[in-house]
Amino acid sequence: MARVLVVDDAPETRLLVRTLLTHAGHEVFEAADGSAALSRATEHQPDLVLLDFSMPAMSGPEFIRALRADPRVTRTVVALYTATAMNPALRDFMEMYEIEHVIPKPSEPLELLAAVERALTS
């Protein structure tokens, strides 16, 4: 299956997502902020990053900018897993950094798994 990096500052969210994805057969890595996520992304080179948009230390947007600037992981698929409401600025940001998937938080477990599979096969 896939290698997935889950980036969220809420430990309970990371636990829930890790449990679901591990049960589905994926290898899961975690980070509580963008800075730790960047380190894990370059170390593990995941197939997908599930990224919360609003985090301390290094926000989701700062993480994406750094990820896209690193040639080792620049093509990594990123899906926003966020409660941030969709707006024109967020759409523009997603287009600029080639982010095609938004998974609303919270999501039902089966919806989250289906969204992850869509992101992995796009």
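Has segment 89-105 got at least one residue that is among the charged types (D, E, K, R), closer than 17 Å to Asp8 by Cβ and without any contact (Cβ under 8 Å) to a residue 60 or more places away in the chain? Before the answer, list the steps.
So in segment 89-105, the residues among the charged types (D, E, K, R) come out as 91-92, 95, 98, 100, 105.
So of that shortlist, the ones also closer than 17 Å to Asp8 by Cβ come out as 105.
Right, trim to without any contact (Cβ under 8 Å) to a residue 60 or more places away in the chain and you get none.
No, that holds for no residue.
Counting residues that are touching a strand residue (DSSP E or B) at 6+ places or on another chain (Cβ under 7 Å) and in contact (Cβ under 8 Å) with a residue 60 or more places away in the chain, which strands (runs of 3 or more DSSP E) fully inside segment 1-71 reach at least 1? Spell out how you get there, then give the answer.
Details: elements: 3-7, 27-31, 48-51.
Strands (runs of 3 or more DSSP E) meeting the threshold: 3-7, 48-51.
Considering segment 82-113 alone, what residues qualify as being small (Gly, Ala, Ser) and either at pLDDT below 85 or closer than 24 Å to Ala66 by Cβ (or both)?
Ala83, Ala85, Ala89
How many residues are surrounded by 17 or more Cβ atoms within 10 Å (Cβ to Cβ), in a strand (DSSP E or B) and out of contact with any helix residue (DSSP H, G or I) (no Cβ under 7 Å at 6 or more places or on another chain) when one looks only at segment 83-110?
1
The values are calculated or read from the model by the stated rules, or taken from the named source; none is laboratory data. It should be emphasised that the depicted structure is a prediction, and the values quoted were computed from it without experimental measurement. All Cβ positions, glycine included, derive from the backbone under ideal geometry; neighbour counts span all protein chains shown.
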